[in-house]
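For reference, the structure discussed in these notes is given below.
The values are calculated or read from the model by the stated rules, or taken from the named source; none is laboratory data. Remember, predicted model here, so these are calculated numbers, not experimental data. Glycine also receives a Cβ, built like all others from the backbone with ideal geometry; neighbour counts cover every protein chain displayed.
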Amino acid sequence: MRKIDYKKEWSHLYQASVKEVVLGVPTMSYLMVDGSGDPNTSLTSAAVEALFSLSYALKFLVKKGMRDRLRVMPLEGCGG
């Protein structure tokens, strides 16, 4: 069984310095929730909960079907 951990594989992206620009970010597929407004609302909380539920369901489907172990990546956010 192969263990796939993109956070380790692409550690330079997750430990980047705030003083340096990171170039060469690979194309990735991802799940996301898009919206605006107060992030502390119950709607945002429900969306993040659904995102994690789907992420872990997909992780176990891949493990069952392909025999690969995927790591669910950490939640990332962008203010703005």
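Annotations
- Only one of the numbered conditions (1) loosely packed, with under 12 Cβ neighbours inside 10 Å; (2) at pLDDT 85 or above is not met by Gly77, and that is (2).
- Matching residues, the stretch 4-34, being surrounded by fewer than 10 Cβ atoms within 10 Å (Cβ to Cβ) and either within 15 Å of Gly77 (Cα to Cα) or basic (Lys, Arg) (or both): Lys19, Tyr30, Met32, Asp34
- Filtered residues of the stretch 57-80 (kept if aliphatic (A, V, I, L, M) and touching a residue at least 40 places away in the same chain (Cβ under 8 Å)): Leu70, Met73
- Boolean, Leu54 is surrounded by 11 or more Cβ atoms within 10 Å (Cβ to Cβ) and either without any contact (Cβ under 8 Å) to a residue 12 or more places away in the chain or in contact with a strand residue (DSSP E or B) (Cβ under 9 Å, 6 or more places away or on another chain) (or both): no
- Top-ranked residue in the stretch 13-27 [being part of a loop (DSSP other than H, G, I, E, B) and in contact (Cβ under 8 Å) with a residue 12 or more places away in the chain; ranked as nearest to Arg2 (Cα to Cα)]: Pro26
- Filtering the stretch 3-47 to residues that are under 30 Å from Lys64 (Cβ atoms) and basic (Lys, Arg) leaves Lys3, Lys7, Lys8.
- When residues of the stretch 58-71 are limited to those that are at pLDDT 80 or above and exposed (fewer than 13 other Cβ atoms within 10 Å of the Cβ), the one farthest from Lys7 (Cα to Cα): Leu61
- Residue that is nearest to Asp5 (Cα to Cα) [pool: residues in the stretch 31-47 that are in a loop (DSSP other than H, G, I, E, B) and in contact (Cβ under 8 Å) with a residue 12 or more places away in the chain]: Leu31
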